[in-house]
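Some notes on the structure that comes next.
The values are calculated or read from the model by the stated rules, or taken from the named source; none is laboratory data. Just so it is clear, the structure is predicted and the values come from calculations on it, not from any experiment. When we count neighbours, we look across all protein chains shown, and the Cβ atoms used for this are built from the backbone with ideal geometry, even at glycine.
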Amino acid sequence: MTDLPLDFGDSADLEHLRKEFRTWLAGHPLPERGADEPIPVHLRRWHRMLHSGGWVGLDVLREYGGRGLTALHQVAVSDELGARGAPGVPRIGYLAHALLEFGGEEQRRNLLPRMLSGDDVWCQGFSEPGAGSDLAGMTTYAQRQPSGHYTVNGQKLWTSYAQYSEYCLLLARTDRTAPAHASISAFVLPLSRAGVTVRPLRAANGDDEFCELFLDNVHLEQSERIGAEGDGWALAMTTVSYERNALDTGHLSKYGLLIERLRRRAHAHRESLPDGLLSQIGRCVVDYHVLVAHARRRTAERLAGKAAGPESSIDKLLMTRAEQRLYETALKVFPEELYADGGEVLSDYFYSRAASVYGGTSQIQRNIIAKRLLRLPADHRA
């Protein structure tokens with residue numbers, strides 16, 4: 001399990017929380033998934049179990065349904081779950097913090113407690129057919145009417161598990177004349193609203209995680225806008241900073257478990273493993289420790305109050321590289337996984353191939369780093 005740094009805060013308090021959570025986990029094992037039970041329904045039961053124990057929204061203020069602790073406390077819980085190979089804390093932290101930072105008081109009090117408890121499940125309406133990785137290129141348009149409400153038209157794509165959700169955090173353009181990054185606004189979209197159509201997409205492996213979302217003259221009230229008009233881009237950057245921190249998601253501990261398996265196999269079979277494969281294992285270890293250091297730094301910056309920025313593109317690239325190389329190497333070290341029925345490494349390998357696409361392609365992340373961090377000049381060649 002990944003040890004967290006000791007200079008993030010009250011280490012004794014953090015260790016007490018870890019022990020308390022381990023004790024709770026021992027008495028509350030993950031519920032078994034029914035034969036025909038969809039994954040999101042199963043995870044929703046797990047969500048409610050975690051919430052009943054007080055393990056969701058630790059860094060959300062008590063008046064909004066949390067425990068009023070720090071981001072590091074929530075990270076510690078995710079770390080413990082990842083170290084046990086259990087499903088992580090429901091990935092709502094990015095949504096909750098978007099509401100905390102940009103939402104009005106009434107929105108926070110009405111929406112956050114039900115989000116944290118699992119009574120309301122949310123999805124994310126960001127990507128579009130013509131603007132997946134290039135979020136600023138979205139065309140979904142929310143037109144303000146003379147009465148003050150908005151009429152929304154457009155389409156979203158890759159909206160995970162929208163068919164099991166009650167709400168969507170929707171991004172839409174509210175000004176067709178303003179610069180792209182300054183013309184995007186965010187809304188609370190009830191998926192039961194007239195004019196909303198959710199269409200699941202069946203993947204090659206049979207999964208129906210991704211959905212298309214069609215918006216046809218959808219009526220949204222001004223009170224359902226999150227923040228001011230034009231706040232959508234900043235809100236989006238806040239959400240991705242949580243999505244891309246491997247400490248927030250528990251991915252680091254999961255990677256760490258596999259790294260340890262690789263290390264043990266390398267020591268036990270050093271004479272039979274080819275040198276090239278041993279070198280690959282070494283690169284996986286290096287990738288892992290670089291990602292750990294980077295995730296710790298990003299968490300420290302958040303605790304210090306630093307706003308999310310384009311640096312999250314670095315996090316995305318590092319996590320993509322670490323994940324894809326790790327599972328590619330693991331399949332070579334554990335070839336038996338190729339033939340195992342439902343082998344975990346094989347399943348994770350297949351999912352890792354999408355890491356360089358979802359959440360913004362690696363090419364787009366490099367462009368962001370080049371333009372917004374390194375300030376490199378644009379290449380105007382044809």
note = When the stretch 8-60 is checked residue by residue, the ones that are within 23 Å of Leu303 (Cβ to Cβ) and within 20 Å of the chain's Cα centre (by Cα) are Leu50, Trp55, Val56, Gly57, Leu58, Asp59, Val60
task = Pairs only if they're at least six apart or on different chains, beta carbon under 7 angstrom, first in the stretch 362-375 and assigned by TED's automatic domain parsing to the domain that holds Gly309, second among the acidic types (Asp, Glu) and surrounded by fewer than 17 Cβ atoms within 10 Å (Cβ to Cβ); list them, first residue then second.
result = Ile364/Asp134
ask   = Does Ala86 satisfy the criteria of being part of a loop (DSSP other than H, G, I, E, B) and free of Cβ contacts under 8 Å to residues at least 24 places away in the same chain?
value = no
inquiry  = Can you find a residue that is assigned to a loop (DSSP other than H, G, I, E, B), modelled with pLDDT of 95 or more and surrounded by 13 or more Cβ atoms within 10 Å (Cβ to Cβ) anywhere in the stretch 230-237?
reply    = yes
key: Residue satisfying condition, being modelled with pLDDT under 95, in contact with a Ser or Thr (Cβ under 9 Å, 6 or more places away or on another chain), of a type in the set (A, V, I, L, M) and crowded, with 16+ Cβ neighbours inside 10 Å, within set Leu4, Leu25   = Leu4
query = Which is closer than 22 Å to Thr159 by Cβ, within 17 Å of the chain's Cα centre (by Cα) and either crowded, with 17+ Cβ neighbours inside 10 Å or at pLDDT below 90 (or both), of Ala86, Ala96, Ala136, Ala131?
reply = Ala96
key: Selection count, the stretch 59-75, where residues are surrounded by fewer than 23 Cβ atoms within 10 Å (Cβ to Cβ) and of a type in the set (A, V, I, L, M)   = 3
ask   = Say we look at the stretch 240-287 and pick out the residues that are modelled with pLDDT of 90 or more and either polar (S, T, N, Q) or touching a Cys at 6+ places or on another chain (Cβ under 6 Å) (or both); which of these is surrounded by the fewest Cβ atoms within 10 Å (Cβ to Cβ)?
value = Ser279
ask   = Restricting the search to the stretch 178-199, which residues are at pLDDT below 95 and either aliphatic (A, V, I, L, M) or more than 20 Å from Gly227 (Cβ to Cβ) (or both)?
value = Ala178, Ala180, Ala182
Of all residues making up the stretch 7-22, the number that are surrounded by 13 or more Cβ atoms within 10 Å (Cβ to Cβ) and at pLDDT 90 or above = 4
message = Can you name every one of the strands (runs of 3 or more DSSP E) wholly within the stretch 112-191 that holds 2 or more residues which are of a type in the set (A, V, I, L, M) and under 17 Å from Leu99 (Cα atoms)?
response = 167-173, 184-190
Residues located in the stretch 319-336, provided they are within 19 Å of the chain's Cα centre (by Cα) and surrounded by fewer than 20 Cβ atoms within 10 Å (Cβ to Cβ) = Arg321, Gln324
ask   = Restricting attention to the stretch 204-226, does a residue exist that is under 21 Å from the mean Cα position of the chain (by Cα), charged (D, E, K, R), surrounded by 13 or more Cβ atoms within 10 Å (Cβ to Cβ) and in a strand (DSSP E or B)?
value = yes
